[in-house]
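All of the numbers you see were taken from the coordinates with simple rules; none came from a lab. A quick note: this is a predicted structure, and the numbers were derived from the prediction, not measured. Positions of Cβ are backbone-derived with ideal geometry, glycine not excepted, and every protein chain shown enters the neighbour counts.
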Amino acid sequence: MHYFKLILTDLRLCIAYAMITLKIKFLQVIELTPFIWELSGFWTIIAGCLLLIICIAFIILIKIIMRQQKMLSHQLKNAQDQYNIENIDQTGKVDMHVINNRNKAKKIKATKRKAFRQKDYEYIIHTIKYNKLYLNPDLTIMDVATSCNMPYKKISQLVNHYHGKNFNNLINQMRIEEALRIIEDPDKKNLTLEAIAHEAGFNSKSVFNAFFKQLTSVTPSNYRKKM
């Protein structure tokens, strides 16, 4: 485009030069021969006119080419913009597809993690009950962590999440379940409530009575009378 502009500038200079030359020659002819044109002056005028016509035609041609170049450039720009829009849309679709896949992967991973956590909790409960760790009045969460080969913080988190209460509440609930089995055992009907509490893992009769009533809605003595 810059090249065409330079050509136009040169052509305009040529036309100006041709017109000046024509004017000078024309004036010379008029001054020298007012009534008869000299042959050389006549052909100079004709040549100048032809040069002027050629230059004008060439200028028109260049302007047409420049207009076509401009239209072509505009079409190319529109095509590029359309391509960019389509590319952005396609990229957006790809990104949404990737995001959906990632969300699905996260859900699957979360489901697996939840399943593993539940299995860990079930393993903790099984270990405590199978080994009857709750019968130890001085049982701590560290003892259970050692038996399960698991960090005590993880045990605490799992118990709080699945049991809904803390570790001590879980152990005392297991002890009450053990006390109920003892009370319902005919071979142990002669045991005192204090002995039952001690055998179930409680080291305090008051704590035993409180948890027993909390879980059964009756006191240990009233429960035993109904048997």
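Descriptive notes on the structure:
- Residues that are among the hydrophobic types (A, V, I, L, M, F, W, C), exposed (fewer than 14 other Cβ atoms within 10 Å of the Cβ) and outside any helix (DSSP H, G or I) occur in region 207-220; there is at least one.
- Matching residues in region 142-177 - criterion: being in a helix (DSSP H, G or I), in contact (Cβ under 8 Å) with a residue 12 or more places away in the chain and surrounded by fewer than 17 Cβ atoms within 10 Å (Cβ to Cβ): 147, 154, 156, 161, 162, 173
- Selection count where residues are loosely packed, with under 14 Cβ neighbours inside 10 Å and either touching a residue at least 12 places away in the same chain (Cβ under 8 Å) or more than 17 Å from residue 173 (Cβ to Cβ) (or both), scope region 195-205: 2
- If the condition is being among the hydroxyl-bearing types (Ser, Thr, Tyr) and either in contact with a Pro (Cβ under 9 Å, 6 or more places away or on another chain) or farther than 30 Å from residue 195 by Cα (or both), then region 136-155 contributes only 152.
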